[in-house]
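Participant: Below are the structure tokens for one structure; questions will follow.
Laboratory data are not the source of any read-out in this text; all were calculated from the coordinates shown. A quick note: this is a predicted structure, and the numbers were derived from the prediction, not measured. Here the Cβ is made from the backbone with ideal geometry for all residues, glycine too, and neighbour counts use every protein chain on show.
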Amino acid sequence: MTGAISGLDITLHRMSEIERGFQTLLSRSQTEVPVAQPDFQKILDKTVQLEKNAKIKSSGNTATSRAEIDSLIEEYSAKNGLDADFVKAVVRQESGFNPNAKSKCGAMGLMQLMPSTAKGLGVTNAFDAEQNIYGGTKYLKGLLDRFDNNKELALAAYNAGPNAVKKYKGIPPYAETQNYVKSIMKSYDKLKGAQS
């Protein structure tokens, strides 16, 4: 649990905040200065923010069912301005929706993040479904921005790396990458067609 914020840590932090607030009130009342009421809304807002941060940094799979994974994909796709069906097509290709997937080259989790990529995105546990989708959607959005929202080029960069796409000024002539792009686009089209 190194680097993770546990529920106990959050509770202890809340207790410390409340205790400091009461100590401040007590010291003010002893000097006969009018005491302002504590701003409980600020305390509540701070607590909610701590819990959100802890949720992203927590360890262990936060989602194991397909419904939970789909919900996380919807949430983080929306936050990054991505089409959730496009992200689902990537996840299907990368891991088959298995949060514990690991490739021979070391890519991890639902969106198969490489350790260095995960670290650069602030992902401390790539096998944690929420962290993985958080990092993977952020990375995918960056690639789409870099390649003028061209899905095929972004996918090629996700598979072969952005430098390969830049070098070949398009999808690299690697069979694996070409098949990867075709497979995801076909899956994406099916998902879009199912909603029409």
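Participant: Would you mind calculating the relative contact order of the stretch 61-185 from Cα pairs under 8 angstrom and at least 6 residues apart, reporting the percent as a whole number?
Facilitator: On the way: 164 pairs, mean separation 25.0, N = 125.
Answer for the stretch 61-185 is 20 percent.
Participant: To continue, here is another question. Which distance in nm do the two modelled labels at Asn149 and Cys105 give, with both placed 7 Å along the Cα-to-Cβ direction?
Facilitator: With each label placed 7 Å out from Cα toward Cβ, I get 2.9 nm.
Participant: Restrict the search to the stretch 110-196; then list the trypsin sites (Lys or Arg not before Pro) that DSSP places in a loop and that have at most 15 other Cβ atoms within 10 Å of their Cβ.
Facilitator: Answer by residue number: Lys169.
Participant: Tell me, Thr137, Thr64, Thr177, Thr117 in order of fewest to most beta-carbon neighbours within 10 Å? Before the final figure, lay out each step's value.
Facilitator: Values: Thr137 27, Thr64 13, Thr177 21, Thr117 18.
In increasing order of surrounding Cβ atoms, one gets Thr64, Thr117, Thr177, Thr137.
Participant: Still on this structure, I have one more. Residue-wise, which Karplus ³J(HN,Hα) couplings in Hz belong to the stretch 172-187, taking 6.51 cos²θ - 1.76 cosθ + 1.60, θ = phi - 60°, and x for glycine or proline?
Facilitator: In residue order, the calculated couplings are x, x, 9, 4, 4, 5, 4, 5, 4, 4, 4, 5, 5, 5, 5, 5 Hz.
Participant: Using the Karplus curve 6.51 cos²θ - 1.76 cosθ + 1.60 with θ = phi - 60°, what ³J(HN,Hα) values do you get for each residue of the stretch 87-95, in whole Hz, with x for Gly and Pro?
Facilitator: Those phi angles translate into 5, 4, 5, 5, 4, 4, 5, 6, 9 Hz.
Participant: Please arrange Glu94, Glu152 by counting, for each residue, the other beta carbons lying within 10 Å of its beta carbon, fewest first. Spell out each step's value before the answer.
Facilitator: Working: Glu94 23, Glu152 16.
With the fewest neighbours first, Glu94, Glu152 line up as Glu152, Glu94.
Participant: Can you tell me how much longer the chain between Ile18 and Glu176 gets when fully stretched, taken as 0.36 nm per residue apart minus their C-alpha distance, in nm with one decimal? Please report the intermediate quantities before stating the final value.
Facilitator: Values: separation 158, 0.36 × 158 = 56.88 nm, distance 5.65 nm.
Stretched fully, the Ile18-Glu176 segment lengthens by 51.2 nm.
Participant: Can you list the residues, at least 5 places off or on another chain, whose amide H is less than 5 Å from the amide H of Leu113, using H built in the peptide plane?
Facilitator: Long-range HN contacts for Leu113: Met108.
Participant: When only alpha-carbon atoms count, how far does the stretch 66-195 stretch along each of its three principal axes, as whole angstroms with the largest first?
Facilitator: 37, 36, 25
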